[in-house]
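**Student:** Okay, here's the structure, questions in a sec.
The values are calculated or read from the model by the stated rules, or taken from the named source; none is laboratory data. What you see is a predicted model, and the numbers here were worked out from it, not measured in a lab. As a convention, Cβ positions derive from the backbone with ideal geometry for all residues, glycine included, and neighbour counts pool all protein chains shown. To get the accessible areas, we keep the full protein, side chains included, count just its heavy atoms, and leave off ligands, DNA and RNA. Shrake-Rupley method; radii C 1.70, N 1.55, O 1.52, S 1.80 Å.
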Amino acid sequence: MKQLTKRLAIVTAAGLFALAFAMPQNAEACGGRGRFHRGKRGAMKGKRVERLAKKLNLDAATKGQIKQLFVQARAQGKVLRQRLRAQRKGMRQLMQQPNPNEAQVLAKVESMGKLKVELKKLRVKTRLAMLQLLTPDQRSKLQSLRAQRRAKRKARREAFRKRMMQRYNAQ
């Protein structure tokens, strides 16, 4: 009986040891998003334009222009997000000091705000440029698709709230 217990313990320890090395230990090994991210972000990178083209019946030229527009916007956004990340890191470092300088902190907040505005402008400019490439019928179809997506999202959100309230009330 003792030997069976020993063997079982050794096999279990070996399995856990192998499992620990099989799992990625850092964010880079998981696509840069941490161990527990479900992988949804970025999964549709190239397919977003394809889906849009299919639903709006875009011709090849318009599809190519939209794709190029998104590629440029993604590159510009990446630069802005990197700068914003660096500003946030600087803000954390300032706030971790024993006696943070108010002027420096507020200046950092101001620069972070400007970067956020630039990101928002980039999104709006990209959307406006995409809308300019579409015909009036395609624009109206796009609006109806977005309205449907908003309605689905709202329904999911309401269902989630209802489930949470039921769980909360059941306790």
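**Student:** Figure the gain on full extension for Arg149 and Glu50 (residue separation times 0.36 nm, minus the Cα-Cα span) and round it to one decimal in nm. Provide the component values of the computation, followed by the final result.
**Tutor:** Values: separation 99, 0.36 × 99 = 35.64 nm, distance 1.72 nm.
Roughly 33.9 nm would be gained on extension.
**Student:** Could I ask something else about it? Can you pull the one-decimal nm distance between simple spin-label points at Lys125 and Arg167, each 7 Å off the Cα toward Cβ?
**Tutor:** 4.3
**Student:** Can you give the local net charge around Val109? Use residues other than it whose beta-carbon is closer than 12 angstrom to its beta-carbon, Lys and Arg +1, Asp and Glu -1.
**Tutor:** Net charge around Val109: +2.
**Student:** Would you mind calculating the gained length between Lys78 and Glu158 on full extension (0.36 nm times residue separation, minus the Cα-Cα distance), in nm to one decimal?
**Tutor:** 25.5 nm
**Student:** For Phe160, Phe70, give the ranking by accessible area with the largest first, probe 1.4 Å. List each step's numbers first, then the result.
**Tutor:** Details: Phe160 100, Phe70 30 Å².
Of Phe160, Phe70, the descending order of accessible area is Phe160, Phe70.
**Student:** Find how many whole Å separate the alpha carbon centroid of segment 101-146 from the alpha carbon centroid of segment 68-92.
**Tutor:** When both Cα centres are located, 13 Å separates them.
**Student:** How much accessible area does Thr5 have with a 1.4 Å probe, in Å² rounded to the nearest 10?
**Tutor:** We get 80 Å² for Thr5.
**Student:** Can you return the aspartates and glutamates within cross-link range of Lys47? Criterion is Cα-Cα under 18 Å, with same-chain partners fewer than 8 residues away left out.
**Tutor:** Those aspartates and glutamates meeting the cut-off are Asp59.
**Student:** From the phi of every residue in segment 146-153, what ³J(HN,Hα) in whole Hz does the Karplus formula 6.51 cos²θ - 1.76 cosθ + 1.60 yield, where θ is phi - 60° and glycine or proline is x?
**Tutor:** Here the 3J(HN,Hα) series is 5, 5, 5, 5, 4, 5, 4, 4 Hz.
**Student:** Additional query: Tell me, what HN-Hα J-couplings in whole Hz come from the Karplus equation 6.51 cos²θ - 1.76 cosθ + 1.60 at θ = phi - 60° for each residue of segment 72-88, using x for Gly and Pro?
**Tutor:** 5, 5, 5, 5, 5, x, 4, 4, 5, 5, 5, 5, 5, 4, 5, 5, 5
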